[in-house]
Amino acid sequence: MSILSATNLWKTFPGSPPVDILKGVSLELQEGETLAIMGSSGEGKSTLLHILGSLEPATKGKIDLAGSKQMGFIFQAYHLLDDFTTLENVCMPLLIARSSRQEATQVGKALLKEVGLEGKEKTLAKFLSGGEKQRVAIARALANNPSLLLADEPTGNLDRKHSEEVEDLLLKSAKIRKKGLIVVTHDEEFARKCDRTLLLKGGHLYTDAV
């Protein structure tokens, strides 16, 4: 079942002359499918991901999200609240969505255990390693049970060992929960682990990137 369909997406930035970053991009993602988007710096990979996640508008084009419109985001810079505990960071989306504190705590603890951080529920985020921070970010992204996960260079700040751990955790979490995953990455090894890889170049998407 398709959970995301993007048709003829254009993104034009004003200037003299205007710059077309995306030129009629179309893609589809199935339930439980993992998709890597690769490309050189400045090609618009993050812009495309932000448009797919409704963080910024396309200049023109159409996006259809089937079923739940809930999405989970994972960023290179983690975007955790440093002076909050790991558990508080994971619970935040649930509390914003009006879940009870008891329910949020129960879900948060289970997710931290799933990502290998059991026993660190009370540790402040600022005292975590990069790999641990990204594990918390993954748990937070899963908190509201989204149908779609969007990850922007999630291993960009990590060494090879921790990159592999985060990659495998992210892919496993998506597969087990049958979540769609779109990941923007420069890492060819990461891309090869995904079901499909697309290359963004010159404003167009191409298949068989790796």
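Which is surrounded by 19 or more Cβ atoms within 10 Å (Cβ to Cβ), closer than 22 Å to residue 52 by Cα, at pLDDT 95 or above and not β-branched (Val, Ile, Thr), of 152, 187, 195?
Within the list 152, 187, 195, the selection yields 152.
Of the residues 121, 167, 153, which is touching a residue at least 24 places away in the same chain (Cβ under 8 Å) and more than 14 Å from the chain's Cα centre (by Cα)?
Step by step, each of 121, 167, 153 is checked, and only 121 is touching a residue at least 24 places away in the same chain (Cβ under 8 Å) and more than 14 Å from the chain's Cα centre (by Cα).
Suppose the filter is in the same structural domain as residue 31 (by TED's automatic domain parsing) and under 24 Å from residue 37 (Cβ atoms); does residue 175 pass it?
In short, yes.
If a residue must be on the phi < 0 side of the Ramachandran plot, in a loop (DSSP other than H, G, I, E, B) and over 14 Å from the mean Cα position of the chain (by Cα), how many such residues does region 187-210 contain?
4
Determine, yes or no, whether residue 72 is surrounded by 13 or more Cβ atoms within 10 Å (Cβ to Cβ), under 26 Å from residue 13 (Cα atoms) and either of a type in the set (Gly, Ala, Ser) or free of Cβ contacts under 8 Å to residues at least 24 places away in the same chain (or both). Walk me through it before giving the result.
Values: surrounded by 13 or more Cβ atoms within 10 Å (Cβ to Cβ): yes; under 26 Å from residue 13 (Cα atoms): no; either of a type in the set (Gly, Ala, Ser) or free of Cβ contacts under 8 Å to residues at least 24 places away in the same chain (or both): yes.
Taking the combined requirement at face value, the residue does not satisfy it.
Can you name every residue in region 82-122 that is surrounded by 14 or more Cβ atoms within 10 Å (Cβ to Cβ), of a type in the set (Lys, Arg) and over 20 Å from residue 146 (Cβ atoms)?
Once the filter is applied, which keeps residues that are surrounded by 14 or more Cβ atoms within 10 Å (Cβ to Cβ), of a type in the set (Lys, Arg) and over 20 Å from residue 146 (Cβ atoms), region 82-122 yields only 120.
When you scan region 138-149, do you find a residue that is polar (S, T, N, Q), surrounded by 19 or more Cβ atoms within 10 Å (Cβ to Cβ) and at negative phi, even just one?
Among the residues of region 138-149, at least one is polar (S, T, N, Q), surrounded by 19 or more Cβ atoms within 10 Å (Cβ to Cβ) and at negative phi, which makes the answer yes.
The values are calculated or read from the model by the stated rules, or taken from the named source; none is laboratory data. It should be emphasised that the depicted structure is a prediction, and the values quoted were computed from it without experimental measurement. As a convention, Cβ positions derive from the backbone with ideal geometry for all residues, glycine included, and neighbour counts pool all protein chains shown.
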